[in-house]
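Everything on this sheet refers to the single structure shown next.
Here, each number is a calculation from the coordinates, and none is a lab measurement. Given the structure is predicted, the values throughout are model-derived calculations rather than measurements. Neighbour counts are summed over all protein chains in view; Cβ atoms, including those assigned to glycine, are modelled from backbone coordinates with ideal geometry.
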Amino acid sequence: MTNILSTEFYRLKKSKMFWALFGISTGLPILSMLLFIAFPSIINSFGGEMEVDGWDLIRSLNIPSLMLNEYASLLHISGLFAVICTSIFLSRDFSYGTFRNVLLANYSRLQLYLSHLVIALVVGASFLGGSMLTTLVFNGSVFGFHNMNALQVFTAIATAFALGLVSVAFAQTLMCMFLFATRKLSVTLACTIVITTFLPEIMGIIVELYGILGLVLTDNVSLDYTWIPFFNAQLLNVADIDGALVGKILLYNVPVTVFFGFMGWVGFRKKDLK
């Protein structure tokens, strides 16, 4: 397995696609920062009797913490680029017959699967780390963390990074499950992106419909949205961390991630690679 990992990491290091997508993913927070910087000028360019102090408005919004909240979502923009990069990179092994040759060299299917799963997780964590680092260096230094002390900032960063890693593992193991079960890049990309993008929205719609139905039928309904799986990540506020909410997010995401990883292996272990 070590030899497989060494080979795959060497290929990854030489991959122009990996570095291109990594650069785009890492650079997007800088673009966001520039847009926010231009925001005060855009507001005042419309004219008016009173000039708006856009900088005070932006700083009061605590932009860095809002951006950190997004890393807990099932598919942050950095996770999207990671899924695209990993699925294309790993699918080439099926296309070029690499797996058949490796199996002939007396490596097991489990070693193959685990090594490629590790590659997927490393790529996802790299994209997450690069994006978050850029967010903190540029947006954090320019806009600051509104009314947050050093301990609160550290806790916010640590929480966002930890939940971001869980979300990365969720998306990447889901991608590997589809890739190793179907061996089709188009199906893998489409299913992974659709599920991770729309699953929280679908859960939110179900919750809203349940709430409306409850009001109509009983005129009294009380919902604890923090218990709604996959939707509850949207309630995260790293500026004011709710430990119970973090625990509930992990309660759903971690077991499902493990399930995806197991089902990927089940789908791959008896597949005909000819």
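A Förster distance of 45 Å, applied to the separation of the beta-carbon atoms of LEU114 and ASP56, puts the FRET efficiency at 0.30.
Between rounded, prolate and oblate, where does the stretch 150-213 land on the alpha carbon gyration tensor, with a ≥ b ≥ c its root eigenvalues, rounded for a/c under 1.5, else prolate if a/b exceeds b/c?
Working: a/c = 4.02, a/b = 1.19, b/c = 3.37.
It comes out oblate by the Cα gyration axes.
Between PHE154 and LEU66, the C-beta separation translates, for a Förster distance of 22 Å, into a calculated FRET efficiency of about 0.80. Computed extension gain for LYS270 through LEU209, at 0.36 nm per residue and net of the alpha carbon distance, reaches 17.7 nm.
Multiply the residue gap between LEU223 and ILE24 by 0.36 nm, knock off their C-alpha separation, and tell me the result in nm, one decimal place. Walk me through the intermediate numbers first.
Numbers: separation 199, 0.36 × 199 = 71.64 nm, distance 3.98 nm.
Length gained, LEU223 through ILE24: 67.7 nm.
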